[in-house]
Amino acid sequence: MVDAIKVILAKKETTYGTDATPTGAANAILTRNYSSKPIDTDRLERNLDQRVFGASSSATSNERRTIAYEVEIAGSGAAGTAPAWMELLEACGMVPPVLTAGVSAVQQFAPPGADASALTQYDYISDQRRKTVGSVGTFNIDLTAGAYPFFSFNWTGLVPPGTAFDKSPAPATTLARWKKPLEVNIDNTTLSLDGYSPRVRSWQAQAGVTVALRNLVGSRYVRRGNHALTSTLLIEAPDIATKDFITSLRQDDLLAFDLTHGVEAGGIINFASAKAQITDITESEEDDILMWTLALTHTVDDGAADLIITAT
């Protein structure tokens, strides 16, 4: 019997695919809804012509590991210090946070050609340890009224040579860098689109980072490619005389998006896009109130940053 007790460690690699040896004291991740496959493979088929009916044996190919989990969105507790989750975002295509002492940590997507970051991850299920190196991923963001905000991560990584799976008790962990988040609500959260502040039920974003295993003669790695940030914003439908988002959609307007969550220094997180575009509007009802779901594409038109995350 294996008890489903989960401990996850992740550490940025100095050299891609080389075990960075994360520790429970420095690299533990406070996760929720963790899931993984012990091993992911493709099947290599021979497709031989045979004189009998039936299946033929196959061989494993493209060994890899896939891991998914969520982490809560909260500040570091000290302005100018990066929240722990920014290291995870680096492995999803964002640059290392730019720190201004005592003020802020700022992060955005890396330009093409920039050095790519990857993680070594150890995940323990009870006393089973699974190692993953060279892991990169994509992420989603969820801020829903009446709930805690969170990132969800999906990772793909390589199975390292040697002892990738063994019996090893999970280490003691230090989780002090993971702070308790604030509820998304009227007191803690503000949002504006094109200068208008709607009544918001939720904002949910998808980074859309492409991740693919590359298996070549002379090289084997997980490639992180382009991304396309999209989101959905569920709001109470505004009076058209107050804010005409229908015309914004019809005219392909590029709109400033800004969301701030948190109230005290060290716990304030801002998500901003200079040129978001409404691509669709759908209607629903909630408590007999007309609701609109605005589909947004966060563009990089004219060199704009599609997402800037600022922790203050």
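Looking across the range 139-190, the residues that are part of a loop (DSSP other than H, G, I, E, B), of a type in the set (A, V, I, L, M, F, W, C) and open to solvent by 20 Å² or more (accessible area, probe 1.4 Å) come down to A145, A147, V159, A170, A172, L175, A176, W178, L182, I186.
Of all residues in the range 109-120, those satisfying the criterion of being over 16 Å from Y16 (Cα atoms) and surrounded by fewer than 19 Cβ atoms within 10 Å (Cβ to Cβ) are A110, P111, P112.
How about the range 247-279: which of its residues are among the small types (G, A, S) and surrounded by fewer than 17 Cβ atoms within 10 Å (Cβ to Cβ)? Listed by number, the residues that qualify are A256, A265. Can you say whether T81 is under 27 Å from A205 (Cα atoms), open to solvent by 30 Å² or more (accessible area, probe 1.4 Å) and assigned to a loop (DSSP other than H, G, I, E, B), as far as the supplied structure shows? Against the criterion (under 27 Å from A205 (Cα atoms), open to solvent by 30 Å² or more (accessible area, probe 1.4 Å) and assigned to a loop (DSSP other than H, G, I, E, B)), T81 qualifies. Which one of V200, V211 is within 30 Å of D239 (Cα to Cα), buried (at least 16 other Cβ atoms within 10 Å of the Cβ) and β-branched (V, I, T)? None of the other options fit; the residue is V200.
Okay, residues lined up against (1) within 18 Å of the chain's Cα centre (by Cα); (2) among the charged types (D, E, K, R):
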{"position": "T230", "(1), (2)": "yes, no"}
{"position": "L234", "(1), (2)": "no, no"}
{"position": "D253", "(1), (2)": "no, yes"}
{"position": "E264", "(1), (2)": "no, yes"}
{"position": "I278", "(1), (2)": "no, no"}
{"position": "M291", "(1), (2)": "no, no"}
{"position": "L294", "(1), (2)": "no, no"}
{"position": "D302", "(1), (2)": "no, yes"}
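Of all residues in the range 43-64, none satisfies being in a strand (DSSP E or B), more than 15 Å from R130 (Cα to Cα) and at pLDDT 95 or above.
Residues in the range 280-312 that are among the small types (G, A, S), surrounded by 15 or more Cβ atoms within 10 Å (Cβ to Cβ) and part of a strand (DSSP E or B): A295, A311. Do the conditions hold for L175, that is, is it farther than 25 Å from N154 by Cβ and modelled with pLDDT of 95 or more? In short, no.
Looking across the range 224-265, the residues that are of a type in the set (D, E) and at negative phi come down to E236, D239, D244, D253, D258, E264.
The values are calculated or read from the model by the stated rules, or taken from the named source; none is laboratory data. Every value quoted in this text rests on a predicted model; they were computed, and no experiment measured them. Glycine also receives a Cβ, built like all others from the backbone with ideal geometry; neighbour counts cover every protein chain displayed. Quick note on the areas: whole protein, heavy atoms, side chains included, nothing else; ligands and nucleic acids left out. Shrake-Rupley method; radii C 1.70, N 1.55, O 1.52, S 1.80 Å.
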